[in-house]
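Asks: What follows is a structure written as structure tokens; I'll ask about it next.
The values are calculated or read from the model by the stated rules, or taken from the named source; none is laboratory data. Note that this is a predicted model, so its numbers are computed, not measured. Don't worry about glycine lacking a Cβ; one is built from the backbone with ideal geometry, like all the others, and counts go over all protein chains shown.
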Amino acid sequence: MSVLGIDEITFGVEDLALCQQFFSDWGLTLLSQSDTEQVFETLNGCRVVIKHKDDPSLPPAFEEGPTLREVVWGVESDDDLDLYAGRMVTKPGFFSTTERVGCLDPNGMGVRLQKSRKRAVTLECVGHNTWGERGRINTPSPVYDKATPIEVGHVVFFVKDVNACEAFYRDTFGFVISDRYPNKGAFMRCSEEGSHHNIFLLQPPEPRAGLNHVAFTVRDLHEVFGGGMNVSRLGWDTELGPGRHPISSAFFWYFRNPAGALVEYYADEDLLTAEWQPREFEPGPTVFAEWAISGGIDGNTRRQANGPQAASKTFITARDKP
């Protein structure tokens, strides 16, 4: 038995209309909306729920302003729910219904489990050509005009006590450590075999609870670029990217999120098994990113709107004749 991944997240926000526009531009499908709630989903059915931050149905906020209020993790069966309910029963905020069980983690985040509602999706993904392996023959790489996220792949929190939070997710749900910043950060995955991390717990120099970012999985590096350029073109602000993480190997692009903190497109992260040996790192800029573009790609880049090539329709590297 193991947790399968993130099934749903809920934000408590200040401006529902602004957040609806953002997540529509981000590439999510709007399933329903009312004066008090919006429900979006990714390609595999992972849901993103938006409510006003003062909505009484939400768990208590662990920081001021718009932020994430709960993470719903998917499991396979009712037996799984019963197992994890037994482990959560003594935790703060414990509750149990026919569909969900939940509590608060040591950081104050609402944690819930349900039988997974996500669906399997089959997507066409082209290969990569390296010196030793040819994964793409007679097939050009794709060009994406926008991103369509597949799922919420991971969440990242600032925490008050990283060791307490790591122990909670390990002992309660069986999460596995992938890599660490000793006494400062813990990258954890849901099971021994899986993506590099589904949650990252980061204790800042002045420990506090808060949201760092929510990450959306896309197909490949090309969709990271295409999605990022589209969101930038629509007027949303880049925090950092595109770039690449040495830890996890993923390519990324981070944007500021009106629902709280940041959101990320990412692809091509490491896949790990029980044979993986966790590593230890000292946090720093070169550990966070091998390379990254501050402020994103500017308006003169190919396929961006309003660049000089938009009017001329010429190739970006074309030079004026002398």
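Asks: Considering (1) surrounded by fewer than 17 Cβ atoms within 10 Å (Cβ to Cβ); (2) among the β-branched types (Val, Ile, Thr); (3) under 22 Å from Thr42 (Cβ atoms), say which one Val152 fails and leave the rest.
Replies: (1)
Asks: Looking at the range 84-96, which of its residues are assigned to a helix (DSSP H, G or I) and surrounded by fewer than 17 Cβ atoms within 10 Å (Cβ to Cβ)?
Replies: Selection gives Gly86, Arg87.
Asks: Let me ask you something else. Which condition number in (1) without any contact (Cβ under 8 Å) to a residue 12 or more places away in the chain; (2) surrounded by 20 or more Cβ atoms within 10 Å (Cβ to Cβ); (3) among the aromatic types (Phe, Trp, Tyr) is the one that Trp73 fails?
Replies: Condition not satisfied by Trp73: (1).
Asks: Would you check if Leu234 is touching a helix residue (DSSP H, G or I) at 6+ places or on another chain (Cβ under 8 Å), at pLDDT below 95 and not acidic (Asp, Glu)?
Replies: The answer is yes for Leu234.
Asks: Also, quick follow-up: Take the range 127-184 and flag every residue that is within 27 Å of Phe288 (Cα to Cα) and of a type in the set (Ser, Thr, Tyr).
Replies: Thr130, Tyr144, Thr148, Tyr169, Ser178, Tyr181, listed by residue number.
Asks: Can you give me the number of residues within the range 197-224 that are part of a loop (DSSP other than H, G, I, E, B) and either over 22 Å from Gly45 (Cβ atoms) or acidic (Asp, Glu) (or both)? Quick ask: steps written out before the conclusion?
Replies: So in the range 197-224, the residues part of a loop (DSSP other than H, G, I, E, B) come out as 197-198, 203-209, 218-220.
Narrowing the set further to residues that are either over 22 Å from Gly45 (Cβ atoms) or acidic (Asp, Glu) (or both) leaves 203-209, 220.
Within the range 197-224, residues that are part of a loop (DSSP other than H, G, I, E, B) and either over 22 Å from Gly45 (Cβ atoms) or acidic (Asp, Glu) (or both) number 8.
Asks: For the range 29-62, enumerate the residues that are farther than 27 Å from Val159 by Cβ, in a loop (DSSP other than H, G, I, E, B) and not hydroxyl-bearing (Ser, Thr, Tyr).
Replies: Hits for the range 29-62 are Asp35, Leu43, Asn44, Gly45.
Asks: Give me a count of the residues in the range 172-196 that are assigned to a strand (DSSP E or B) and among the aromatic types (Phe, Trp, Tyr).
Replies: 2
Asks: Follow-up. Only one of Tyr169, Tyr181 is surrounded by fewer than 23 Cβ atoms within 10 Å (Cβ to Cβ) and either touching a residue at least 60 places away in the same chain (Cβ under 8 Å) or closer than 21 Å to Phe23 by Cα (or both); which?
Replies: It is Tyr181.
Asks: Can you tell me which residues in the range 25-72 are touching a Phe, Trp or Tyr at 6+ places or on another chain (Cβ under 8 Å) and among the hydroxyl-bearing types (Ser, Thr, Tyr)?
Replies: Thr29, Thr42, Thr67, listed by residue number.
Asks: In the range 192-202, is there at least one residue being in contact with a helix residue (DSSP H, G or I) (Cβ under 9 Å, 6 or more places away or on another chain), over 16 Å from Gly5 (Cβ atoms) and surrounded by fewer than 23 Cβ atoms within 10 Å (Cβ to Cβ)?
Replies: Looking for residues that are in contact with a helix residue (DSSP H, G or I) (Cβ under 9 Å, 6 or more places away or on another chain), over 16 Å from Gly5 (Cβ atoms) and surrounded by fewer than 23 Cβ atoms within 10 Å (Cβ to Cβ), one finds at least one in the range 192-202, hence yes.
Asks: Here is a further query. Take the residues in the range 207-235 that are of a type in the set (A, V, I, L, M) and farther than 22 Å from Asp105 by Cα; name whichever of them is surrounded by the most Cβ atoms within 10 Å (Cβ to Cβ).
Replies: Here the answer is Val218.
Asks: I want to confirm something. Restricting to the range 97-126 and keeping residues that are among the β-branched types (Val, Ile, Thr) and closer than 30 Å to His222 by Cα, which single residue is surrounded by the most Cβ atoms within 10 Å (Cβ to Cβ)?
Replies: Val126
Asks: When you go through (1) at pLDDT below 90; (2) surrounded by 14 or more Cβ atoms within 10 Å (Cβ to Cβ); (3) out of contact with any helix residue (DSSP H, G or I) (no Cβ under 6 Å at 6 or more places or on another chain) one by one for Asn306, which number turns out not to apply?
Replies: The single condition Asn306 does not satisfy is (2).
Asks: Can I ask one more? Scan the range 25-40 and tell me whether some residue there is in contact with a Pro (Cβ under 8 Å, 6 or more places away or on another chain), at pLDDT 95 or above and of a type in the set (Phe, Trp, Tyr).
Replies: Checked the range 25-40: at least one residue is in contact with a Pro (Cβ under 8 Å, 6 or more places away or on another chain), at pLDDT 95 or above and of a type in the set (Phe, Trp, Tyr).
Asks: I've got another one for you. Which members of the range 76-93 meet the condition of being touching a residue at least 24 places away in the same chain (Cβ under 8 Å) and either within 17 Å of Phe157 (Cβ to Cβ) or in contact with a helix residue (DSSP H, G or I) (Cβ under 9 Å, 6 or more places away or on another chain) (or both)?
Replies: Tyr84, Arg87, Met88, Lys91, Gly93 - these are the residues of the range 76-93 that are touching a residue at least 24 places away in the same chain (Cβ under 8 Å) and either within 17 Å of Phe157 (Cβ to Cβ) or in contact with a helix residue (DSSP H, G or I) (Cβ under 9 Å, 6 or more places away or on another chain) (or both).
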